[in-house]
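Report on the structure given below.
The values are calculated or read from the model by the stated rules, or taken from the named source; none is laboratory data. Just so we're clear, the structure is a prediction, and the values are computed from it rather than from any experiment. Positions of Cβ are generated from backbone atoms using ideal geometry, with glycine treated the same way; all protein chains shown enter the neighbour counts. Note: areas computed on protein heavy atoms with side chains; ligands, DNA, RNA excluded. Shrake-Rupley method; radii C 1.70, N 1.55, O 1.52, S 1.80 Å.
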Amino acid sequence: MLKFIYNYLRSMRLYYGFVTATTVLAGLCLVHGTYNELKLSWTLNDFPWTLRDAALLAMGFFAWGFNQIFSDWCDRKEDAINAPHRPMVTGALKPLPAFAVSAAGLAAIAVVGFLMSPWTLVFLALGGALNIAYSLLKRVPVLNCLVYACAISCCALFAIAGMGERCPTPGEFGFVAVWIVPVHFLMCHNSYYKDVKGDRAAGVRTLQTHCPKVAVAISLLLMLVPLAGLKLVARWQCWTGMPWLMLSMIVGLLSGLFLLALEAKRYHRATSVNCQLCVALLHIQSFPQSWPVCLASLVAIQLLFLWYNDEKE
């Protein structure tokens, strides 16, 4: 039992839980009115934290890990080349009991979400359907990243539905599409550099396998353009001043570290930085006053990643 728990937790890749949890946080910021122009001086102390907020954040954190078990099984062919030491590939984690635990976890999220609002089931189902579509479209460059980005961005819509007990407004849908989807597109896009060898062998088509220079150009564009775009459209104090400057420096530093790791072909290190960069971009585009939470998340990701010191896993 202990061996199963150990391998299951490793397969969850808990450092990625901060990506989905931060996406939920972005949705909570929207539904709580952080972007209301009449509230120009929001701080973390003004954020109306409740048990419902905590529950939604917890569901967002663990949702990635529960789903990762199914993803590892679907990707076992290319993982046999890219990550042959993963428990699902080596056989250390048996599929059926792992599926049962993940299914139970996702079912619990569905039940708790439904009790908050039936609308949550819509976005939980949409996210699941898009995730399945992503597995089927992994061989289609660009579209694979876009479908993945839409799937993960459903976490923000799930949070809005759960907290607001309603369907997201057109404005909230628009914000998610314009500011959150591109961040997850970038994260998915950046994750393919480490998988070039296995993807080629498995017939998975990505920009990294066919147009590596174009892939790097897109990474640069999506890492740096959001900062300029936010500054240009800044009408709220939450997108100006010290918090914005602090997070801008963090995003710039992480972007540089990712490119250096990529140049040195240190893909294991690049994976950690890519995760941290996604979290930082979500914070700067959803609630810059939360920069202390962002820093804590980046440290937690780094500490968790120390547990994954095997580049083949």
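Filter region 181-213 down to residues that are over 12 Å from the mean Cα position of the chain (by Cα) and small (Gly, Ala, Ser) and give me whichever is nearest to Leu282 (Cα to Cα). Filtering region 181-213 for residues that are over 12 Å from the mean Cα position of the chain (by Cα) and small (Gly, Ala, Ser), the one nearest to Leu282 (Cα to Cα) comes out as Gly198. Look at (1) buried (at least 20 other Cβ atoms within 10 Å of the Cβ); (2) hydrophobic (A, V, I, L, M, F, W, C); (3) closer than 25 Å to Ser71 by Cα and you find that Ala161 fails only one, number (3).
The conditions are (1) of a type in the set (A, V, I, L, M, F, W, C); (2) surrounded by 15 or more Cβ atoms within 10 Å (Cβ to Cβ); (3) at pLDDT 90 or above, and Ala125 fails exactly one of them. Which is it? Of the numbered conditions (1) of a type in the set (A, V, I, L, M, F, W, C); (2) surrounded by 15 or more Cβ atoms within 10 Å (Cβ to Cβ); (3) at pLDDT 90 or above, the odd one out for Ala125 is (2). In the condition set (1) out of contact with any His (no Cβ under 9 Å at 6 or more places or on another chain); (2) open to solvent by 60 Å² or more (accessible area, probe 1.4 Å); (3) among the hydrophobic types (A, V, I, L, M, F, W, C), Leu298 is compliant with all but (2). The set of residues in region 164-208 being among the small types (Gly, Ala, Ser), open to solvent by less than 10 Å² (accessible area, probe 1.4 Å) and outside any helix (DSSP H, G or I) is empty. Given the criterion open to solvent by less than 30 Å² (accessible area, probe 1.4 Å) and under 24 Å from Thr206 (Cβ atoms), identify the matching residue among Cys74, Cys155. Selected residue: Cys155, the only one of Cys74, Cys155 that is open to solvent by less than 30 Å² (accessible area, probe 1.4 Å) and under 24 Å from Thr206 (Cβ atoms). Among the residues of region 209-252, which ones are at pLDDT below 65, assigned to a helix (DSSP H, G or I) and open to solvent by less than 40 Å² (accessible area, probe 1.4 Å)? Within region 209-252, Pro226, Leu227, Gly229, Leu230, Cys238, Trp239 qualify.
Can you find a residue in region 169-189 that is in contact with a Ser or Thr (Cβ under 8 Å, 6 or more places away or on another chain), at pLDDT below 90 and under 27 Å from Trp49 (Cα atoms)? Scanning region 169-189, I find at least one residue that is in contact with a Ser or Thr (Cβ under 8 Å, 6 or more places away or on another chain), at pLDDT below 90 and under 27 Å from Trp49 (Cα atoms), so the answer is yes. Just the residues that are over 20 Å from the mean Cα position of the chain (by Cα) and either of a type in the set (Ser, Thr, Tyr) or closer than 21 Å to His189 by Cα (or both), please, taken from region 106-151. Matches in region 106-151: Ser117, Arg139, Val140. Applying the criterion of being more than 16 Å from Trp64 (Cβ to Cβ) and part of a helix (DSSP H, G or I) to the residues of region 81-98, the residue that is least open to solvent (accessible area, probe 1.4 Å) is Pro87.
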